[in-house]
1. Return the Cα extents of region 1-150 along principal axes one, two and three, sorted largest first, each rounded to a whole Å.
2. Go through region 1-104 and name the trypsin sites (Lys or Arg not before Pro) that are in a DSSP coil and have 16 or fewer other Cβ atoms within 10 Å of their Cβ.
3. Relative to 2.2 N^0.38 Å, what does the C-alpha radius of gyration of the chain come to as a ratio? Two decimals please.
4. So how tilted is helix 165-180 from the main axis of the chain? Cα-based, degrees 0 to 90, rounded to 10.
5. Would you please name the GluC sites (Glu not before Pro) within region 117-181 that are DSSP coil residues with at most 16 other C-beta atoms within 10 Å of their C-beta?
6. List the GluC sites (Glu not before Pro) in region 53-143 that DSSP assigns to loop (not H, G, I, E or B) and whose Cβ has at most 11 other Cβ atoms within 10 Å. Which are they?
7. Quick check on my link table: of Lys103/Lys138; Lys65/Lys114; Lys138/Lys234, which ones sit more than 30 Å apart, alpha carbon to alpha carbon?
8. How big is the C-alpha Rg of region 83-150 next to the rule-of-thumb value 2.2 N^0.38 Å, as a ratio?
Amino acid sequence: MLNVKNVDVTINKRPIIKNVSFSVYPGEVLGFIGPNGAGKSTLIKAISHIVRYRGSIQWHGQSLKQMSAKARARFLSYVPQSLELDIPFTVFDAVYMGRFPYKSNRLENEKIVKKALDRVGILHLQDRIVATLSGGQKQLVAMAKAIAQDAQILILDEPTSALDLYFQLQLLDMMKELAEEGRLVLLAIHDLSYAYRFCDRLTLMENGQLTHLGFPKDVITTKRLQETYHVYTKIYEDHHTTAVIPLRVIE
Ligand SMILES: Nc1ncnc2c1ncn2[C@@H]1O[C@H](COP(=O)(O)OP(=O)(O)OP(=O)(O)O)[C@@H](O)[C@H]1O
Ligand SMILES: [Mg+2]
């Protein structure tokens, strides 16, 4: 279980995350939704130990703060919204970086990297320089790196924002599979239809606070979307899916 307790993040003396607590279990996909600037990225960066926080974050009772970065990387992998690499790394090398927490068995690691590239559908890009890829392709490289890292907790910041429809669905299906394999998947996501469909539970963030946590049908309601996003929406449901249709802004 991942246990986040009383987490605060302060940047330049401004409280950005305020007293956030929740627990989540392996096998779950937990989505973070909320308006721009609500604190989703900052909270998931705190959980990923990229920004400093006060409070406690434990994985099966073990404090993540007290682990070395290398030890933590065996538990947790963070996928940023865009992978910016200044060094002219190839796709293969970038994904190979995901193997850094493990012993260096070159042949074994290469096999794992190829498998991750194949699973994400970008094996054909393996010799390309990451900096020359499209935004969506870079997002897929970051995802392949996380898969090669083979961590129990995957944390993704808007993983579908630069992807076309095919790769959006492919990536979200893959996340579900990874959760079904017993991993924990946390992701920030703006698309509420996808949030509804692919997340087991959702957390709604507003002004640095976690205001609601529950099943998608309980968190996403037209009334709450009016209050939180200041938008009128229609929630469309049929036997196959639920979609959140934005209608117009509330003046
Ligand atoms: N390094 C920083 N320095 C100053 N302010 C910051 C920093 N990082 C985040 N913030 C502020 O913290 C607040 C939360 O930002 P955050 O990126 O976590 O929001 P978000 O919910 O991810 O938004 P979005 O949906 O736009 O990605 C914003 O007001 C942002 O300006
Ligand atoms: Mg963000």
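1. For region 1-150, the Cα extents along the three principal axes come out at 45, 32, 27 Å.
2. The qualifying sites are Lys13, Arg52, Lys65, Arg74, Lys103.
3. Taking N as the residue count of the chain, the ratio is 1.02.
4. Between the helix axis and the principal axis of the chain, the angle is about 80 degrees.
5. Loop-located and lightly packed - Glu181.
6. Filter output for region 53-143: Glu84.
7. The pairs that break the limit, which is 30 Å between Cα atoms, are Lys65/Lys114; Lys138/Lys234.
8. Normalised Rg, Cα atoms only: 0.99.
Here, each number is a calculation from the coordinates, and none is a lab measurement. Treat the numbers as computed from the prediction; the structure is a model and nothing was measured. Virtual Cβ from ideal backbone geometry, glycine too; neighbours counted across all protein chains shown.
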